[in-house]
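The values are calculated or read from the model by the stated rules, or taken from the named source; none is laboratory data. Not measured: the values here are computed from a predicted model. Because the Cβ atoms are built from the backbone with ideal geometry, glycine has one as well, and the counts that use them run over all protein chains shown. Note: areas computed on protein heavy atoms with side chains; ligands, DNA, RNA excluded. Shrake-Rupley method; radii C 1.70, N 1.55, O 1.52, S 1.80 Å.
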Amino acid sequence: MKSAKGTRDLLADECRQFQQVESWALQHFSRYGFQEIRTPIFEETALFVRGIGDETDIVSKEMYQLTTKGGDELTLRPEMTASVCRAVIQHNLLANDDLLRFIYMGPMFRYERPQAGRYRQFHQLGAEVFGSDDPLVEVETIEAVLSFLSPFQLPNLTLRLNSVGDSSDRPAYLAYLRQELDTHSGQLCQDCTRRKETNVLRVLDCKNEACRAVLDRLHPISTFWSTTTRDHFEAVCRGLDRLSISYVLDPMLVRGLDYYTRTAFELQSGELGAQSAVLGGGRYDNLVATLGGPDTPAFGWALGLDRLVGLLAARKALPEQRPHLFFIFSQREQLEEFLPLLARLRAGGHSVQFDLRLGSFKSQMKRANRLQARYCAIVGERECQGGTVTLKDMDQSSQREVPQDHLPAVMKEVCPC
Ligand code: HAM
């Protein structure tokens, strides 16, 4: 048996990398006032249909939908923005605090064609801010995610930025697009011919050369921006400039979800091949109201954790986790006797391991080497009689005898944690 298509097991190394990224995220984003939120893995299907838009690829083709025996229509979440909005409305959170900042992480599900960096179960780390339409929300939140990523030193990242307008100026652009595409309909691919009728903005995303040739000749969306949209976008750019954050203006950038208004952005990596988006997001000032809540401006992004961890693994950017201490015993009876000492060492913060199957001294030492243990504590007959252990520094190849009782203090000194 194998894991289902598009899903995968995260084995020890990758789990460790996920943990490191996730715990750094919680630490980093709490500095900006983000608080964690966890929502259910499945929601009522109507939430995503209304939230993301029924003409989007996600809703029309990619949702894992099910009808329960009781007749409930449920969907495994394909993203979390709609879920977070639902939670904010359901718990009336906007009544208590006018500016809310959430961070979340967890698995999402989309029935897509699997390929490198694209899975059917994947993981996102995301952030959502509710309650302000100030362009500084974009600036601060984009800065927050870039400084979150900066210790990973990922090369070749490009921040792409656009404004997709809002309900006051977008309809004119959509009408213009439709009209132009109608006159060139013979040149459009099958997908675009369909999208032209159902979700015309998505045509801008097409990679087909013939479609691109048509699109490249059209006026960009910025020609249709209202003064409010333009002022907002320029203020976002000014804020990013002030922080020396470089970006590329991309008039073709539209996102795959219908809820965006004004600012849309993506961070792409030149090292990810076809699935180059590390993260994407934007402003969605109408979504909370669409889902039945009060009028609430909002902005957020989500990052593909599988893609980020893939980049880190390729660069070996994360440190190996070495056990601090590996115990080597000569007899099974010693093991039980040492359990309290092992517990004390672990309570002091040390990672301590041993081979429960014991085996020969040589095989235990081999395992310590394979795990790259920093120190070994050798407990032979002589050490047992003297109430000591031989502490071997595996990097320096030096060793000394230490009374068993002193071991926690010695470890604290030589291997602080
Ligand atoms: P999204 O662009 O659909 O946006 O997804 C965000 C990120 O999730 C992508 O940039 C990518 O890194 C990762 N991702 C998406 N699909 C897959 C997949 N099949 N396999 C692996 N990684 C994937 C959203 O989901 C919005 N909710 C973002 C947002 C938050 N906008 C506002 N707030």
Quiz item: Taking interchain pairs and intrachain pairs at least six residues apart, which have beta carbon atoms under 7 angstrom, with the first residue in segment 401-416 and within 16 Å of PRO323 (Cα to Cα) and among the small types (Gly, Ala, Ser) and the second open to solvent by less than 50 Å² (accessible area, probe 1.4 Å) and modelled with pLDDT of 95 or more?
Solution: none
Quiz item: PRO155 versus (1) modelled with pLDDT of 95 or more; (2) touching a strand residue (DSSP E or B) at 6+ places or on another chain (Cβ under 9 Å); (3) away from the ligand (no atom under 14 Å from the Cβ); (4) within 20 Å of GLN268 (Cα to Cα): which is the lone unmet condition?
Solution: (1)
Quiz item: In segment 250-257, is there at least one residue being away from the ligand (no atom under 14 Å from the Cβ), in contact with a strand residue (DSSP E or B) (Cβ under 9 Å, 6 or more places away or on another chain) and under 19 Å from ARG315 (Cα atoms)?
Solution: no
Exercise. Just need a number here: residues in segment 266-288 that are near the ligand (Cβ under 7 Å from one of its atoms), free of Cβ contacts under 8 Å to residues at least 40 places away in the same chain and either among the hydrophobic types (A, V, I, L, M, F, W, C) or surrounded by fewer than 19 Cβ atoms within 10 Å (Cβ to Cβ) (or both).
Key: 1
Quiz item: So which residues in segment 158-207 are of a type in the set (A, V, I, L, M), surrounded by 20 or more Cβ atoms within 10 Å (Cβ to Cβ) and modelled with pLDDT of 95 or more?
Solution: LEU161, VAL164
Quiz item: Among the strands (runs of 3 or more DSSP E) contained in segment 45-152, which hold 1 or more residues that are open to solvent by 40 Å² or more (accessible area, probe 1.4 Å) and away from the ligand (no atom under 13 Å from the Cβ)?
Solution: 64-67, 73-76
Quiz item: Residues in segment 297-317: is at least one open to solvent by 20 Å² or more (accessible area, probe 1.4 Å), closer than 28 Å to ARG50 by Cβ, more than 16 Å from the ligand (Cβ to nearest atom) and more than 13 Å from the chain's Cα centre (by Cα)?
Solution: no
Quiz prompt | segment 1-39, residues that are more than 16 Å from the ligand (Cβ to nearest atom) and among the hydroxyl-bearing types (Ser, Thr, Tyr) | solution = SER23, SER30
Self-check item: All strands (runs of 3 or more DSSP E) inside segment 329-417 with 2 or more residues being touching a helix residue (DSSP H, G or I) at 6+ places or on another chain (Cβ under 8 Å) and open to solvent by 50 Å² or more (accessible area, probe 1.4 Å)
Solution: none
